[in-house]
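The values are calculated or read from the model by the stated rules, or taken from the named source; none is laboratory data. These numbers were taken from a predicted model, which means no experiment stands behind them. Heads up, the Cβs are rebuilt from the backbone with ideal geometry, glycines too, and the neighbour counts pull from every protein chain shown. Protein only, heavy atoms only, side chains kept; ligands, DNA and RNA dropped before computing areas. Shrake-Rupley method; radii C 1.70, N 1.55, O 1.52, S 1.80 Å.
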Amino acid sequence: MEKLKAELYDKLNYMVKTNYFDGTIHGYLKFSGLIDKNVLSEALQFMIDKIPVLHSRFQYHKIKPYWQVENYNINDALYYEECSNPEELANEHILTTLDENSNLRIKIKIFTDNKISIMVILIDHACIDGDDFKYFIKTLFKNYNSIINNTEKIAPKNGPRGIDQIYNDFSPLDKIKAKNLITYPRYENKTYFPWSKAEENAINILIRKKLENNDLLKLEKIIEKKDITLTDSVLAAMIKSLYELDKNQEIISIASIVNLRRYIKEADQTTGMTNYFSLMGIKITASSTIEDILKEVTDQTKKEKNKKFFALNGIPLLTFAFKYLPFFIALPIVKNNYVDAKVSLSSMGELKKEEYQLEGIELNDFFISGAIKYKPYFLMSCTTFNDELSFSAAIKGTETDKKILDEYLDKVLENLKKIIEKGA
């Protein structure tokens, strides 16, 4: 069988998966009516066949690891369950972690009571990030609709997956400069989410909250007027809420995940399915008012985004280690020096309803949540759909952790509403 080259982020995800998270991206889509299983099965098989990494297994090798492309059965990728309680079962299933030993890096399960259909999609984060997860779903749905309408299917992108793609549109001189940013910016990273110390009886937990449409529309008006971003607002709310939960941490450091496709023209046509992300760290005095926190967040993020090589520092160093050193040597070196944010935000943007429709039924709810973190790490994921802001977080923890997380997300919601009330 075919072998695929393991790229930078494939190797990095192999390393972090054992210590930081479950390595699975989780998607939830709720439709009115029934999804045609046979049509979806044909569309999904077409997609998986065209994206070999989705039917591969990562193979450790002490010199050069690789993806081993495997045969698969589409019935192992798609499940369909008729039931009386689809929402309950979907909320249980979304906590599932993909099996590392499976020949597939994607699993879809649909729960239906013949009135609604809830689709839970799980994809291996080692293969793709949130942006390509969105791309995959959009393209899958386009092909579902093509089959129903008897039109030609759309082949998904299948270009290079390597990190060098982010440099292709730089001038020759800037490319040299960017590829020599070997210093890794060790931003302040001392903030810890106040999880419980207990580890026994740990289970996967995911909690989701929503800022309803009227409030989101008000927030968007403030954002436009004040020249700030939705991500800035969420970061400010997260920072203030963390201080309210643990006042011993007055100086809060937090990281926002950056999509490096900002440097690639027409990334949806020129690259393969992969990861292209980095981190932007900020540090804030959290005892301030929510208005002052938001201003400071905005000032810091604008300063970072205005840098010519924003979020590119350190990537050449990772590239050197994983490209030129044998994997068994590079792995411990990177592991001992890698800094993963203790508290972070993944803001995946708008999920436009019209881009995710299936023929004959309506999409009524949709959100994406990042990987399930392991203590002491914390990640909050944000998406907007149908004029509502969803934010969620997942942890492998105890019932006590579940209560802490629920309280924290309630505080985030409250602080977002305070931003709206104060017109910050």
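Before moving on, here are some points about what is shown:
- Assessment of the stretch 148-169 against the conditions (of a type in the set (Gly, Ala, Ser), open to solvent by less than 30 Å² (accessible area, probe 1.4 Å) and more than 26 Å from ILE282 (Cα to Cα)) yields at least one matching residue.
- Residues in the stretch 318-363 that are open to solvent by 70 Å² or more (accessible area, probe 1.4 Å), closer than 30 Å to SER32 by Cα, over 19 Å from the mean Cα position of the chain (by Cα) and not small (Gly, Ala, Ser): GLU354, GLU359, GLU362.
- Only a single criterion out of (1) in contact with a helix residue (DSSP H, G or I) (Cβ under 8 Å, 6 or more places away or on another chain); (2) modelled with pLDDT of 95 or more is not satisfied by ASP365, namely (1).
- Within the stretch 40-85, considering residues that are in a loop (DSSP other than H, G, I, E, B), of a type in the set (S, T, N, Q) and free of Cβ contacts under 8 Å to residues at least 40 places away in the same chain, the one least open to solvent (accessible area, probe 1.4 Å): ASN85
- Filter result for the condition that a residue is of a type in the set (Asp, Glu) and free of Cβ contacts under 8 Å to residues at least 60 places away in the same chain, over GLU354, GLU362: GLU354
- Selection status of VAL297, in contact with a Leu (Cβ under 7 Å, 6 or more places away or on another chain) and either within 24 Å of ALA393 (Cα to Cα) or at pLDDT 95 or above (or both): yes
- Hits in the stretch 170-192 (condition: β-branched (Val, Ile, Thr), surrounded by fewer than 17 Cβ atoms within 10 Å (Cβ to Cβ) and farther than 30 Å from LEU4 by Cβ): THR183
- Scanning the stretch 13-32 for residues that are surrounded by fewer than 22 Cβ atoms within 10 Å (Cβ to Cβ), modelled with pLDDT of 95 or more and either under 24 Å from the mean Cα position of the chain (by Cα) or not in a strand (DSSP E or B) (or both) yields one hit, LYS30.
- Conditions (1) open to solvent by less than 10 Å² (accessible area, probe 1.4 Å); (2) in a helix (DSSP H, G or I): number failed by PHE366: (2)
- Those residues of the stretch 270-304 which are assigned to a helix (DSSP H, G or I) and either crowded, with 17+ Cβ neighbours inside 10 Å or touching a residue at least 12 places away in the same chain (Cβ under 8 Å) (or both), in sequence order: THR270, ILE290, GLU291, ILE293, LEU294, LYS295, GLU296, VAL297, THR298, GLN300, THR301, GLU304
- If you go through the stretch 369-385 and keep only what is more than 14 Å from THR18 (Cα to Cα) and assigned to a loop (DSSP other than H, G, I, E, B), you end up with just GLY370.
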